[in-house]
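Q: Please read through the structure below; I'll follow up with questions.
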Number of protein chains: 6
Amino acid sequence: MDKMSKGLAQVELMNGEFGMNAVENVRRKYPELAPFVVEFGFADVYARPGLDLKQREIATIATLTTLGDAGHQLEFHLRTGLHVGLTETEITEVLVNCIPQIGVPRVMNAFQVWEKVLEERRAAAAAGSA
Amino acid sequence: MDKMSKGLAQVELMNGEFGMNAVENVRRKYPELAPFVVEFGFADVYARPGLDLKQREIATIATLTTLGDAGHQLEFHLRTGLHVGLTETEITEVLVNCIPQIGVPRVMNAFQVWEKVLEERRAAAAAGSA
Amino acid sequence: MDKMSKGLAQVELMNGEFGMNAVENVRRKYPELAPFVVEFGFADVYARPGLDLKQREIATIATLTTLGDAGHQLEFHLRTGLHVGLTETEITEVLVNCIPQIGVPRVMNAFQVWEKVLEERRAAAAAGSA
Amino acid sequence: MDKMSKGLAQVELMNGEFGMNAVENVRRKYPELAPFVVEFGFADVYARPGLDLKQREIATIATLTTLGDAGHQLEFHLRTGLHVGLTETEITEVLVNCIPQIGVPRVMNAFQVWEKVLEERRAAAAAGSA
Amino acid sequence: MDKMSKGLAQVELMNGEFGMNAVENVRRKYPELAPFVVEFGFADVYARPGLDLKQREIATIATLTTLGDAGHQLEFHLRTGLHVGLTETEITEVLVNCIPQIGVPRVMNAFQVWEKVLEERRAAAAAGSA
Amino acid sequence: MDKMSKGLAQVELMNGEFGMNAVENVRRKYPELAPFVVEFGFADVYARPGLDLKQREIATIATLTTLGDAGHQLEFHLRTGLHVGLTETEITEVLVNCIPQIGVPRVMNAFQVWEKVLEERRAAAAAGSA
């Protein structure tokens, strides 16, 4: 399997249809970036053994919260975290856990993205149970 | 139990004698900071339910690697990660997992600290088995 | 007085009705964050002796301008600065004072928020004097 | 020639009518900042010998991509880069070149701004050739 | 008075002999940087009206603590803060005031520099009173 | 040619024996990182067409100066810049060019590394001509 295929399989494993659509969007809009996202990010790093996917998403969500101006990537990985099985409480706690190290503002910015993800999730659940 | 005692108990739980010595050092050198480290960091945040200690240290190590100029705090939490049961491989993978989001230099800086922690650990193990 | 009450009193002292509404908004939208904003930020830090409130807001506005991606928090503290008695000129000078240390772009981003606060203030003054 | 005139001549040289309009906008909205942008940035730094303007814009675009929350300034310098003669491919490569050092998210944020500049350029070219 | 002379007078006003020696050191080691430090920093910014020197140093110390990897500049401005009349307590409180916005590690790094400045000051006072 | 070989050839092209030694050091000390440095950095990015090596090093030096806590990587790329043919003046100007966007402290930190590289270069030239 070539590296692009390996990376795409990892995207699908980690974030299902939402992930594949997001990557397709990157490939169409920023073709030079797509190999770095898929082959480098997903095939070379996120597919490595040694951490399970829940552990990887805890690390990635903490990293993106700390980085501070990566709202789109954070939203992607908050959804990925839910998709690989982190609970809402676990993700909320990853954000809270950052406060002593980076302070309140960047964590509040992350909560703003997280709240948006949760609202869409509740709306989808409500629509599904209707 | 007051918050300082709760925080100190959490320090001991998470990092044993090394942790208590480090906190004692902060209390002596930077007395104004000690309540923020112990009460705010350990009692109000790290003692929260919702994540186990291994998950918390994955998040904290990723945060400090991303922050980039917090070598002393990173060293403390690399040791804490080992103390709460993360394997060497898991911690190495947390560092590698940061590369796509923050690039190589800050991860290499974190590896430099990690290598120092590992060397001391191997030296202690060698001395212990002598 | 418990710490939440002490923090809320400090919010009201520092930013009046605007501050209380903003904190109420945080409590409603991000309940996990509210204790960190009110108890930790306002009761444990901003209510400390040693600096008067004008001095604290000079420091906080400089910090948030430097942090760079904290527009909402900067807007809150620009309003707080005016509320505790900093003049418009003093606040403008705090922003200009950051240029040698952090360069023009983050200061220009801060001026964009500051201009918005000033426009609302002028509109309110015009409405009040009508 | 005084420093303001020297700076304005440098703005016009580097970014033509677009640059002069942007500077005029800064002078009107943030009069305290204008001397720092024009005299300090353009007269004291960008007009220095030792690098040609294409080299300067490569450096400035890399700096603003790395800084990470300076979208307006990045847009200005992406346009300046084109104006001084960098090709679209060269600018795209400056952004890609940042990935190993700063990771994907800040580069993707820069690509979002770059895509906007390219779309406007294509629309203008299409209108011009109509 | 030309701008270099104005800047040097401002350095001497703000930090006396220590400041003049530090600037002389910059002029000797990094001659290209000296005009930016003296003319731009001290003449164009720190000599502006609108804030007194104690207010300026509160802002500058907060900025440098937040920037996080500027230990030499922070040390210079901690000494400058004392020279223009800030008390030790006021400076300590500026550092503590940063915790809610930027977290503990960068503030602890600043305390490490501050402790060094205080120790030298106490040693000098002890020597002076001997 | 596999990607590791392609990357190593690019290291040698860009930084000769010094570069090969530095990469060998990374491979020995941080084996998990070496593929990211050599295959990802040098083969996938720095070997791309579209910019010549002098242009790439201008961009990389500006990026690392801005990142601010990457002294080892900056030193490596300052040497690489000289090796691919940038003049001392061009590199000095890349550093100065960052001042308007990021301020003085991070540029002064970069000058400190640059001065070290220049001193070693002059010592080597003096030894060579003896």
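The values are calculated or read from the model by the stated rules, or taken from the named source; none is laboratory data. Worth saying up front: this structure is predicted, and the values here are computed from it rather than measured. Cβ coordinates were reconstructed from backbone atoms using ideal geometry, including for glycine residues, and neighbour counts include every protein chain displayed.
Q: Would you say residue E:77 is surrounded by fewer than 19 Cβ atoms within 10 Å (Cβ to Cβ) and either on the phi < 0 side of the Ramachandran plot or not assigned by TED's automatic domain parsing to the domain that holds residue E:115 (or both)?
A: No; evaluated as a whole, the condition is false for this residue.
Q: Scan the stretch A:26-40 residue by residue and report those that are among the acidic types (Asp, Glu) and either in the same structural domain as residue A:81 (by TED's automatic domain parsing) or without any contact (Cβ under 8 Å) to a residue 24 or more places away in the chain (or both).
A: Listed by number, the list holds a single entry, A:32.
Q: Among the numbered criteria (1) in contact with a Leu (Cβ under 6 Å, 6 or more places away or on another chain); (2) within 14 Å of chain A (Cβ to nearest Cβ); (3) surrounded by fewer than 21 Cβ atoms within 10 Å (Cβ to Cβ), which one does residue C:72 miss?
A: All conditions pass for residue C:72, except number (1).
Q: Might you check whether a residue that is in contact with a His (Cβ under 9 Å, 6 or more places away or on another chain) and free of Cβ contacts under 8 Å to residues at least 24 places away in the same chain occurs anywhere in the stretch A:92-101?
A: Scanning the stretch A:92-101, I find no residue that is in contact with a His (Cβ under 9 Å, 6 or more places away or on another chain) and free of Cβ contacts under 8 Å to residues at least 24 places away in the same chain, so the answer is no.
Q: Could you figure out which of (1) surrounded by fewer than 22 Cβ atoms within 10 Å (Cβ to Cβ); (2) facing another protein chain (nearest Cβ under 7 Å); (3) outside any loop (DSSP other than H, G, I, E, B) isn't true of residue F:63?
A: In the conditions (1) surrounded by fewer than 22 Cβ atoms within 10 Å (Cβ to Cβ); (2) facing another protein chain (nearest Cβ under 7 Å); (3) outside any loop (DSSP other than H, G, I, E, B), residue F:63 misses (1) alone.
Q: Hey, another quick one. Which is away from chain C (no Cβ under 11 Å) and under 15 Å from the mean Cα position of the chain (by Cα), of D:102, D:58?
A: The conditions single out D:58.
Q: What number of residues in the stretch B:1-40 are closer than 22 Å to residue B:74 by Cβ and in a loop (DSSP other than H, G, I, E, B)?
A: Number of matching residues: 2.
Q: Which ones in the stretch B:113-130 are in a helix (DSSP H, G or I) and either of a type in the set (A, V, I, L, M) or touching a Phe, Trp or Tyr at 6+ places or on another chain (Cβ under 8 Å) (or both)? Spell out how you get there, then give the answer.
A: Pass one, the stretch B:113-130, residues in a helix (DSSP H, G or I): B:113-128.
Matches in the stretch B:113-130: B:113, B:115, B:117, B:118, B:123, B:124, B:125, B:126, B:127.
Q: In this structure, is residue B:103 surrounded by fewer than 21 Cβ atoms within 10 Å (Cβ to Cβ) and out of contact with any Asp or Glu (no Cβ under 6 Å at 6 or more places or on another chain)?
A: Spelling it out, it is not the case that residue B:103 is surrounded by fewer than 21 Cβ atoms within 10 Å (Cβ to Cβ) and out of contact with any Asp or Glu (no Cβ under 6 Å at 6 or more places or on another chain).
Q: Run residue D:44 past the list (1) within 11 Å of chain F (Cβ to nearest Cβ); (2) surrounded by fewer than 17 Cβ atoms within 10 Å (Cβ to Cβ); (3) touching a residue at least 40 places away in the same chain (Cβ under 8 Å) and report the number of the one that doesn't hold.
A: (2)
Q: Hey, residue A:98 hits all of (1) in the same structural domain as residue A:9 (by TED's automatic domain parsing); (2) surrounded by 18 or more Cβ atoms within 10 Å (Cβ to Cβ) but one; which does it fall short on?
A: (1)
Q: What pairs come up if the first residue lies in the stretch A:6-25 and is of a type in the set (Asp, Glu), the second is exposed (fewer than 14 other Cβ atoms within 10 Å of the Cβ), and their beta carbons are under 7 Å apart, counting only those six or more places apart or on different chains?
A: Final answer for the pair search is A:12/A:20.
Q: A follow-up question, please. Within the stretch F:12-28, take every residue that is within 22 Å of residue B:95 (Cβ to Cβ) and either hydrophobic (A, V, I, L, M, F, W, C) or out of contact with any helix residue (DSSP H, G or I) (no Cβ under 6 Å at 6 or more places or on another chain) (or both) and give me the one that is surrounded by the most Cβ atoms within 10 Å (Cβ to Cβ). Step through it out loud before you land on a result.
A: Keep residues of the stretch F:12-28 that are within 22 Å of residue B:95 (Cβ to Cβ), which gives F:22-28.
Still in the list and also either hydrophobic (A, V, I, L, M, F, W, C) or out of contact with any helix residue (DSSP H, G or I) (no Cβ under 6 Å at 6 or more places or on another chain) (or both): F:22-26, F:28.
Details: F:22: 19, F:23: 21, F:24: 13, F:25: 11, F:26: 18, F:28: 9.
Among those residues, the one meeting the criterion is F:23.
Q: On the given criteria, is residue F:43 farther than 27 Å from residue F:99 by Cβ and either in a helix (DSSP H, G or I) or assigned by TED's automatic domain parsing to the domain that holds residue F:117 (or both)? Talk me through it step by step, then tell me what you get.
A: On the way: farther than 27 Å from residue F:99 by Cβ: yes; either in a helix (DSSP H, G or I) or assigned by TED's automatic domain parsing to the domain that holds residue F:117 (or both): yes.
Against the criterion (farther than 27 Å from residue F:99 by Cβ and either in a helix (DSSP H, G or I) or assigned by TED's automatic domain parsing to the domain that holds residue F:117 (or both)), residue F:43 qualifies.
Q: Taking residue A:56, is it in a helix (DSSP H, G or I), within 28 Å of residue F:42 (Cα to Cα) and among the basic types (Lys, Arg)?
A: Working: in a helix (DSSP H, G or I): yes; within 28 Å of residue F:42 (Cα to Cα): yes; among the basic types (Lys, Arg): yes.
Against the criterion (in a helix (DSSP H, G or I), within 28 Å of residue F:42 (Cα to Cα) and among the basic types (Lys, Arg)), residue A:56 qualifies.
Q: Here's something else I'd like to know. Would you mind finding the one in D:78, D:53 that is touching a residue at least 12 places away in the same chain (Cβ under 8 Å) and more than 24 Å from residue E:35 (Cβ to Cβ)?
A: D:78
Residues are listed down the side, and each one gets a yes or a no for (1) closer than 22 Å to residue A:67 by Cβ; (2) touching a helix residue (DSSP H, G or I) at 6+ places or on another chain (Cβ under 8 Å); (3) of a type outside the set (A, V, I, L, M):
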{"residue": "B:39", "(1), (2), (3)": "no, yes, yes"}
{"residue": "B:44", "(1), (2), (3)": "no, yes, yes"}
{"residue": "B:55", "(1), (2), (3)": "yes, yes, yes"}
{"residue": "B:62", "(1), (2), (3)": "yes, yes, no"}
{"residue": "B:67", "(1), (2), (3)": "yes, yes, no"}
{"residue": "B:81", "(1), (2), (3)": "yes, yes, yes"}
{"residue": "B:88", "(1), (2), (3)": "no, yes, yes"}
{"residue": "B:97", "(1), (2), (3)": "yes, yes, yes"}
{"residue": "B:116", "(1), (2), (3)": "no, yes, yes"}
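Q: Can I ask one more? Based on what the data block shows, is residue C:94 away from chain A (no Cβ under 14 Å), touching a Cys at 6+ places or on another chain (Cβ under 7 Å) and not basic (Lys, Arg)? Explain how you work it out, then say what you get.
A: On the way: away from chain A (no Cβ under 14 Å): yes; touching a Cys at 6+ places or on another chain (Cβ under 7 Å): no; not basic (Lys, Arg): yes.
No: the conditions fail for residue C:94.
Q: Within the stretch A:85-105, can you find the residues that are closer than 18 Å to residue A:57 by Cβ and outside any loop (DSSP other than H, G, I, E, B)?
A: A:88, A:89, A:90, A:91, A:92, A:93, A:94, A:95, A:96, A:97
Q: Restricting the search to the stretch F:80-91, which residues are surrounded by fewer than 21 Cβ atoms within 10 Å (Cβ to Cβ) and either within 15 Å of the chain's Cα centre (by Cα) or of a type in the set (A, V, I, L, M, F, W, C) (or both)?
A: Answer for the stretch F:80-91, where residues must be surrounded by fewer than 21 Cβ atoms within 10 Å (Cβ to Cβ) and either within 15 Å of the chain's Cα centre (by Cα) or of a type in the set (A, V, I, L, M, F, W, C) (or both): F:82, F:83, F:84, F:85, F:87, F:88, F:90.
Q: All but one of (1) more than 12 Å from the chain's Cα centre (by Cα); (2) under 20 Å from residue A:102 (Cβ atoms) hold for residue A:37, so report the exception by its number.
A: Single failed check for residue A:37: (2).
Q: Here's another thing I want to ask about it. May I ask you to say which residue of C:13, C:67 is over 12 Å from the mean Cα position of the chain (by Cα), in the same structural domain as residue C:95 (by TED's automatic domain parsing) and not hydroxyl-bearing (Ser, Thr, Tyr)?
A: C:67
Q: Continuing with this model, one more query. Within the stretch A:107-117, identify whether any single residue is among the small types (Gly, Ala, Ser), free of Cβ contacts under 8 Å to residues at least 12 places away in the same chain, buried (at least 22 other Cβ atoms within 10 Å of the Cβ) and within 11 Å of chain C (Cβ to nearest Cβ), and answer yes or no. So that I can check it myself, show each step before the final result.
A: Going residue by residue through the stretch A:107-117, those that are among the small types (Gly, Ala, Ser) are A:110.
Going one step further and asking which of them are free of Cβ contacts under 8 Å to residues at least 12 places away in the same chain, we end up with none.
No: the stretch A:107-117 contains no residue that is among the small types (Gly, Ala, Ser), free of Cβ contacts under 8 Å to residues at least 12 places away in the same chain, buried (at least 22 other Cβ atoms within 10 Å of the Cβ) and within 11 Å of chain C (Cβ to nearest Cβ).
Q: As an exercise: evaluate residue B:5 against (1) more than 9 Å from every other protein chain (Cβ to nearest Cβ); (2) crowded, with 23+ Cβ neighbours inside 10 Å; (3) among the hydroxyl-bearing types (Ser, Thr, Tyr) and give the number of the one condition it does not meet.
A: (2)
Q: Here is a further query. Would it be correct to say that residue C:73 is over 13 Å from the mean Cα position of the chain (by Cα), polar (S, T, N, Q) and assigned to a helix (DSSP H, G or I)?
A: For residue C:73, the condition - over 13 Å from the mean Cα position of the chain (by Cα), polar (S, T, N, Q) and assigned to a helix (DSSP H, G or I) - is not met.
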